[in-house]
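What follows is a set of notes on a single structure, which appears directly below.
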Amino acid sequence: ALMPPPVAMRRPPLCSGPVDLYLSWLRHRHRIEKRQNMVEQLTPEQRAAALDALGDWDYEDGRDAIVRQFLFQDFSEAFAFMTRVALLAEVQDHHPEWSNVYNRLTVTLTTHDTGGITSLDAELARLIDARASVAGATTS
């Protein structure tokens, strides 16, 4: 018979009740409001400078976003890279849109709260580029 893990090894529940759920929602809302008050859309000049500095990222005109495609040796490398970026994005509290097909990954960055590109996108793009060079990704 399988025994449950000792109490010390059990993971605490994400929310133990309505109060915890409400507090979690408040913390999330506070983070969003704080970010909305601190971050503004880049001006066209700032956006052009950021794109020049980023190099391999392209501007997606129809939605004020930046996009880059990565190519990896195989699916496992692409997925491992996505996992590393997901952890980075969680720390940054800024998350990419992406699409993965076998060894290809397309990453789109825009700040939905502001409706366009912000410094958060440029910073996350720089961090993604640094990880991509370590992971051996190429631009497709």
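Numerical summary
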| read-out | value |
| --- | --- |
| Of the criteria (1) closer than 20 Å to residue 138 by Cα; (2) over 17 Å from the mean Cα position of the chain (by Cα); (3) open to solvent by 60 Å² or more (accessible area, probe 1.4 Å), which one residue 46 fails | (1) |
| 3 or more residues closer than 26 Å to residue 38 by Cα: qualifying strands (runs of 3 or more DSSP E) within segment 50-140 | 58-60, 65-71, 104-109 |
| Among the candidates 74, 58, 121, residue that is among the acidic types (Asp, Glu), under 22 Å from residue 43 (Cα atoms) and over 14 Å from the mean Cα position of the chain (by Cα) | 58 |
| Residue in segment 115-122 that is free of Cβ contacts under 8 Å to residues at least 12 places away in the same chain and either out of contact with any Phe, Trp or Tyr (no Cβ under 6 Å at 6 or more places or on another chain) or surrounded by fewer than 17 Cβ atoms within 10 Å (Cβ to Cβ) (or both) present | no |
| The one condition in (1) farther than 30 Å from residue 137 by Cβ; (2) at pLDDT 65 or above; (3) of a type in the set (A, V, I, L, M) that residue 8 fails to fulfil | (2) |
| Cross-chain or 6+ apart pairs with Cβ under 6 Å, segment 57-73 first and without any contact (Cβ under 8 Å) to a residue 12 or more places away in the chain, then in a strand (DSSP E or B) and among the aliphatic types (A, V, I, L, M) | 58/67 |
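Yes/no per residue for (1) crowded, with 20+ Cβ neighbours inside 10 Å; (2) on the phi > 0 side of the Ramachandran plot:
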position	(1), (2)
68	yes, no
74	no, no
79	no, no
84	no, no
97	no, no
110	yes, no
131	no, no
136	no, yes
139	no, no
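The values are calculated or read from the model by the stated rules, or taken from the named source; none is laboratory data. Just so we're clear, the structure is a prediction, and the values are computed from it rather than from any experiment. Counting neighbours? That spans all protein chains shown, and the Cβs are built from the backbone with ideal geometry, glycine included. Side chains are part of the model used for accessible areas, which takes the heavy atoms of the whole protein and leaves out ligands, DNA and RNA. Shrake-Rupley method; radii C 1.70, N 1.55, O 1.52, S 1.80 Å.
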